[in-house]
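To start, the structure itself, in structure tokens.
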Amino acid sequence: MESMEARMEALDKKMDCVLKNQSTILAILSKLTHEDVPAGDMFPIKTVEELERAESKIAKEVPKYDNIVKKIIKGDLSRNLDGILGPDLIMLFNYDGILGKMPFKNYTALNNALLNAVKEDGISSRVYIQLIRAAFKNNKGRIAKRKYDKKVKVQKHKDNEDKDRDPDIENNKDIANLNVVYI
């Protein structure tokens, strides 16, 4: 029994040592497994030409861009697609290219990077296609709402300016009805 207790105490001491150094160990492992590459040089992609260039870059350096896309997506493709594609591109594309839109499925390197970014969650390629379709739909809705909200805000501002001008004229009807006579 005493030897068992001695072993347990020795294991506890070793475990304490590991726990004390855990953050250092995790930081070193993180540096070894993930290459920190700035994502701002290419993302979000704003034009079709930039998308073509990005597709060729991603195809040449798959692991590098897999990590970048993974950092941008942060596990939620629907919320963070606008970190990969700009709003104008989102509006130009859908996954299959139907209804007058351009097909996003033709950009296989970028699609593979997006798939790898969400694949860690145990998602298959079939489910990925459903996710990317939903992501386009949700982001288009957000973009349309932002555009509408901006339009309403501008209209309210315009209406307020008109109201600010009109009461002055209406309150002083003598000035409004004044005929100017030039001598």
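The values are calculated or read from the model by the stated rules, or taken from the named source; none is laboratory data. For clarity, every value in this text was computed on a predicted model and none was experimentally measured. So basically every Cβ, Gly included, is an ideal-geometry build from the backbone, and we count neighbours across all protein chains shown. Please note that ligands, DNA and RNA were not included when accessible areas were found on the heavy atoms of the full protein model with its side chains. Shrake-Rupley method; radii C 1.70, N 1.55, O 1.52, S 1.80 Å.
Scanning region 115-149 for residues that are among the hydroxyl-bearing types (Ser, Thr, Tyr) and either under 16 Å from the mean Cα position of the chain (by Cα) or surrounded by 11 or more Cβ atoms within 10 Å (Cβ to Cβ) (or both) gives a single hit, Tyr128. Taking first residues from region 118-139 that are farther than 19 Å from Phe93 by Cα and partners that are modelled with pLDDT under 90 and among the β-branched types (Val, Ile, Thr), the Cβ contacts under 8 Å between residues at least 6 apart in sequence or on separate chains come to Val118/Ile73. Number of residues in region 86-113 that are more than 16 Å from the chain's Cα centre (by Cα) and surrounded by fewer than 16 Cβ atoms within 10 Å (Cβ to Cβ) equals 11. In the condition set (1) outside any helix (DSSP H, G or I); (2) aliphatic (A, V, I, L, M); (3) open to solvent by 70 Å² or more (accessible area, probe 1.4 Å), Val154 is compliant with all but (1).
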